[in-house]
1. Got a number for carbon plus sulfur as a percent of the stretch 1-144's accessible area, 1.4 Å probe?
2. Pull out a ≥ b ≥ c, the square roots of the eigenvalues of the alpha-carbon gyration tensor of the stretch 45-111, then state rounded if a/c is under 1.5, prolate if not and a/b is larger than b/c, and oblate in the remaining case.
3. Any aspartates and glutamates with Cα under 19 Å of the Lys40 Cα? List them, leaving off those in the same chain fewer than 8 positions away.
4. Taking the alpha-carbon centroid of each part, what is the distance from the stretch 1-27 to the stretch 93-148 in angstrom?
5. Using heavy-atom solvent-accessible surface (probe 1.4 Å) with all chains present, what is the largest-first order of Arg128, Arg2?
6. What accessible area per residue comes out for the stretch 50-108, rounded to a whole number of Å², with a 1.4 Å probe?
7. Can you give me the solvent accessible area of Lys161 with a 1.4 Å probe, rounded to the nearest 10 Å²?
8. Could you list the square roots of 5 times each eigenvalue of the Cα gyration tensor of the stretch 84-176, that is, the equivalent ellipsoid semi-axes, sorted largest first and rounded to whole Å?
Amino acid sequence: SRGFKLFSVSGDIDQPGVYELPLGCTVRELLHEVGGENAKAVVIGGAAGRCVPMAEFDRLLCHEDVPTGGSVIVFGPGRDMLDVAENFLEFMCEESCGQCTPCRLGNPKLLECVRMLQAGTCPAAYLREIVALGESIHLSSKCGLGQSSGNVFLSIVEHFKDEIMGRTVETVAGGN
């Protein structure tokens, strides 16, 4: 990708705002520009976007690697990523028009799973089922909202698996 792009950057950073940066800059370079070098994760693309963990901050912000509409939300080291997932899923449940079943019924199930994880009452097997449901919602929803509604949740589970699995009921109870 060539040229420049406007990035609206918010979250746990020193200097939130709108930045014009060259396409192809890394997530790390963007974080340096905005005072967010200590970030734990970044959500690129807003509520319908994806979570990029610290280990992937050398990825490029461009069409060929990490595409973005310009929204960048930075999460610092003290952030609970389940709280992040809950916030985005609450939004998706509210925004769903309810026309198609995967989005109408599936997103509340994803949100329920996050809340079970937060309470330490989610079995690991149920989490695996919910991840599969999130992938099904992506494939079977009619519109872009449903097709992207689980993106942040799924990428948080993928990239913060140790943190998430440590809160399943088997782990909390001393099993597994």
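The values are calculated or read from the model by the stated rules, or taken from the named source; none is laboratory data. Owing to the predicted nature of the structure, the values given are computational and were not obtained by experimental measurement. We work out accessible area using only protein heavy atoms, side chains counted, and drop any ligands, DNA or RNA first. Shrake-Rupley method; radii C 1.70, N 1.55, O 1.52, S 1.80 Å.
1. 53 percent
2. Oblate, since a/c reaches 1.5 and b/c is not below a/b.
3. Asp12, Asp14, Glu29, Glu56, Asp58, Asp80, Asp83, Glu86, Glu158, Asp162, Glu163
4. 30 Å
5. If we order Arg128, Arg2 from most to least accessible, we get Arg2, Arg128.
6. Solvent-accessible surface per residue comes out at 50 Å².
7. Rounded to the nearest 10, the figure is 110 Å².
8. Values for the stretch 84-176, descending: 24, 11, 11 Å.
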